[in-house]
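The values are calculated or read from the model by the stated rules, or taken from the named source; none is laboratory data. Being a predicted model, the structure only gives us computed values, none of them experimental. With ideal geometry, Cβ positions are generated from the backbone for all residues, glycine too; neighbour counts draw on all protein chains shown. For the accessible areas, the whole protein counts, side chains as well, though only heavy atoms, and no ligand, DNA or RNA atoms are used. Shrake-Rupley method; radii C 1.70, N 1.55, O 1.52, S 1.80 Å.
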Amino acid sequence: MINTEGMVAETAAKIYTDLCGREVPHKAEAGEYPQALWNALTENGLPLAWVSEANGGFGAELDEVFGAIWASAQAASPVPFAETLVANWMLDRAGLAPADGSASFAISGRTPSADIPFGMHADKIVLFDETHQEISLFDNRLAVRSPEAALSPDGMTQFIFSGHVAEQSAKTDLSRRAVEAMILTVRAVQMAAAMETALNLSIDYVSQREQFGRPLSKFQAIQHQLAVAASECAAATMAATQAASAIIRHSDDPEQAWHEAVIAKVQIGHSVEAVTVPFHQVHGAMGYTQEYDLHHHTRRLWAWRDALGNEHHWSKMLGAELALTSPDQIWKGVTTGDWTGGHRVAS
């Protein structure tokens, strides 16, 4: 299980409980940004949790911060908390000062542009440039921002990096795989938390809603649907926990956690459809209404599933790599988490 105890995780959980009630995501999607929520997070220093003390943060334990990310996803947080954590972690690994304000992240690709989660709200964009092995910080407020179509209520914009001058940049010891491992693990934790919340919403609904004089939860078909969904949620939580544990073990070299992060991405990606379909079905028409809370979690699940490549993309990469790896090495990786010595396929 993800560690939800400790100062960082418990502080985040309290802030989200106090300032991110069910009305907040609804208002945010209608255009009312929850500035009070973001202010509370920053006043407590939480976006700097993964920044070293030498660089102005407080170098919190990785597992505590994953607990804070879990709390944010459970609350359907409409602020870029996890994104800022990752962005500041990238900056810190390059010896750069953390972002002044909220931030999001991108990885360089074949084109000088990227779809940025929370792109309409993030103040800064942190880019990992694989070609030059650099981390760069851009001021997103100076960019021309146009919303992109996105399943997530958090929205997305496209940022064109060519023509924009970075505020600061530096070489980094991070590889592309290391950055991918961190981002995929954070998304896995968020997705597992969102699944659990949606499951609890569904269980509460069928326990209270009656049909033909008895609760929906008494119908065998409903029980079967939710039992399958619950097993998928348990698998998602375990996959996210394994990925987070790998990042914690390999905090000095996150690239070593890449396989667990990819496995979590694949497992949870496959689980998304398996859980969101029955969640909406057992709610009936209520599950498809804008006013009800369920879509804030399921739409994020659909968006996060595709972020940085869906489960089919990562399955092909992982499969191609393992096909070139000896069976002994595969067994060693599965049983011990030590994947060193295997063949690597470029992302």
Students often forget the sequence filter, so: which aspartates and glutamates lie under 18 Å Cα-Cα from Lys332 once same-chain residues fewer than 8 apart are removed? Glu255, Glu260, Glu321
Summed residue charge, Cβ within 13 Å of Phe138's Cβ, Lys/Arg positive, Asp/Glu negative: -3
Which order do peptides 119-125, 304-310 fall in by mean Cβ count within 10 Å, highest first? 119-125, 304-310
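Please list, by residue number, every one of the chymotrypsin sites (Phe, Trp or Tyr not before Pro) in the range 125-221 that is coil in DSSP and has at most 15 other beta-carbon atoms within 10 Å.
The qualifying sites are Phe212, Phe219.
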Report the gain in length on full extension from Thr42 to Leu308: 0.36 nm times residue separation, minus Cα-Cα distance, nm rounded to one decimal. 93.1 nm
Normalised contact order of the chain, rounded percent, pairs of Cα under 8 Å and 6 or more residues apart: 14 percent
Check each of the GluC sites (Glu not before Pro) in the range 7-94 and keep only those in coil by DSSP with at most 15 other C-beta atoms within 10 angstrom; list them in order. Glu32
Report the net charge of residues surrounding Ala40, where surrounding means a beta-carbon distance below 15 angstrom and charges are Lys +1, Arg +1, Asp -1, Glu -1. -2
Please report the projected area of the range 124-187's Cα convex hull averaged over all directions, in nm². 5.3 nm²
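Whenever you get a sec, compute what percent of the accessible area on the range 192-252 sits on carbon and sulfur atoms (1.4 Å probe).
52 percent
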What does the accessible area per residue of the range 1-90 come to in Å², with a 1.4 Å probe and no ligands, DNA or RNA counted? 40 Å²
Bridge type composition, the chain - antiparallel percent by DSSP, nearest 5: 80 percent
Find out how many positive minus negative residues lie around Gly6, taking Lys and Arg as positive, Asp and Glu as negative, among other residues whose Cβ is under 14 Å from that of Gly6. -4
Please determine, in degrees from 0 to 90 and to the nearest 10, the orientation of helix 327-336 with respect to the longest principal axis defined by the Cα atoms of the chain, where the helix direction is its Cα long axis. 70 degrees
Let me check something: with ligands and nucleic acids excluded, how do Lys218, Lys265, Lys316 order by accessible area (1.4 Å probe), largest to smallest? Lys316, Lys218, Lys265
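At a threshold of 8 angstrom on Cα-Cα distance, excluding pairs fewer than six apart, so keeping six or more, what relative contact order does the range 28-117 reach in percent?
24 percent
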Expressed in angstrom, Rg and Dmax over the Cα atoms of the range 48-170 are 14.1, 40
Taking the Cα centroid of the range 1-77 and of the range 221-257, what is the distance between the two, rounded to the nearest whole Å? 21 Å
Which lysines, if any, have their Cα less than 27 Å from the Cα of Lys27, not counting same-chain residues under 8 positions apart? Lys14, Lys124
I need the fraction of alpha carbon pairs in the range 184-335 separated by more than 21 Å, rounded to a whole percent. 50 percent
Please give me, ordered by residue number, the GluC sites (Glu not before Pro) of the range 248-310 that lie in loop per DSSP and have at most 15 other Cβ atoms within 10 Å. Glu291
